[in-house]
1. If you average the sequence gap of Cα pairs under 8 Å that are 6 or more apart and divide by the length of segment 92-222, what percent do you get for the contact order?
2. How large is Rg over Rh for segment 150-214, taking Rg from the Cα atoms and Rh as the Kirkwood inverse mean of 1/r across Cα pairs?
3. Order by neighbour count: 6, 111, fewest other Cβ atoms within 10 Å first, most last.
4. How large is the direction-averaged shadow of the alpha-carbon convex hull of segment 1-135, in nm²?
5. I want to verify a result. In a Gaussian network model of the chain, Cα cutoff 10 Å, which of these has the top mean-square fluctuation: 119, 15, 209?
6. Using a ≥ b ≥ c from the Cα gyration tensor of segment 42-95 (square roots of the eigenvalues), is it rounded, prolate or oblate, where a/c under 1.5 gives rounded and otherwise the larger of a/b and b/c decides, a/b for prolate?
7. Please give the net charge around residue 39, taking every other residue with its beta carbon less than 12 angstrom from that of residue 39, where Lys and Arg add +1 and Asp and Glu add -1.
8. Residue 21 label point, 7 Å along Cα→Cβ, cut-off 14 Å on backbone N: hits in segment 100-121?
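Please treat every number below as a calculation from the coordinates, not as lab data. Quick caveat, the model's predicted, so the values are computed rather than measured. Methodologically, a virtual Cβ is constructed for each residue, glycine included, from the backbone with ideal geometry; neighbour enumeration extends over all protein chains shown.
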Amino acid sequence: MLIDFHTHCFPNEIANAAIKKLSFVSGGLKAHTSGTIKSLKASMEKHGVDISLVLSIATNAEQQKNVNDFAYELSKKEGIVAFGSVYPRAEDALFELERIKDMGLKGVKLHPDYQHFSADDEKLKPLYKKISSLGLITVFHTGLDYGFPPPYGATPEKMEKALLWFDSPVVAAHFGGLGCHDEVLKRLAGKDIFFDTSFGYGTMPKFYAEKIVEKHGADRILFGTDTPWHTAKMEMRLLNTLGLSETELDKIKYKNALKLLGMDE
Ligand SMILES: [Zn+2]
């Protein structure tokens, strides 16, 4: 079994434009799907992915409701789990979190660079507390983002601080922080946080992938790709070079995700 903890797709009407724009701002990244749910499903089929978690983000207050309604519709589909999102500066962000919970979505994605905040800003405390009280999982984009100049909103240093304000599971995407491997090792590896493996292939020295997995342990690492930007085949290539046991690989490929999502009963 294979669970992809980090994928994206967009409403059909805007998928093409969204992919074009994201690819352009990120320096021409190649998209491996057309951005629709249909092509995500086709990619899953092709690469042997059984379940994909689709992560969407609200990049402004007005978008929140639509983003979460889209996530809710996706969550009804076979093989798809979807998280919601809130725009932290939105006046009704805390209320929207309750709506996310009521819709049965199990978590939220936050991306400080797209959502104009810093993960360690004290102003975020009420939001994190609300997320915690609802028992939602939070996936943070962490580290650099190819679409933005520095400074970045969720560096390992900032995440180390933010983590203290959460009482529910936190996932730091991209091996704990894209392009911040030394800091991940120093500040986050071994802590009570999950890392996903998305966008790791070809973007980090194998040395760091090995060190991070070794120090953090296989129990809190989740297979992820960042489809459409990478594929499961690409990320498995990296994972298969890390000298992990069958037991460790199974945890990373699906067991940890099933447990975290409460789907293991
Ligand atoms: Zn992503």
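1. Working: 220 pairs, mean separation 27.6, N = 131.
Dividing the mean separation by the residue count of segment 92-222 yields 21 percent.
2. On the way: Rg = 11.2 Å, Rh = 11.9 Å.
Dividing the radius of gyration by the Kirkwood radius yields 0.94.
3. On the way: 6 27, 111 24.
The most exposed by this proxy come first: 111, 6.
4. Working: hull surface 34.3 nm².
Averaged projected area of segment 1-135's Cα convex hull equals 8.6 nm².
5. 15
6. Values: a/c = 3.48, a/b = 2.76, b/c = 1.26.
The shape class here is prolate.
7. Details: positive: 38, 41, 46; negative: 45.
Here the charged neighbours net out to +2.
8. Answer for segment 100-121: 114-115.
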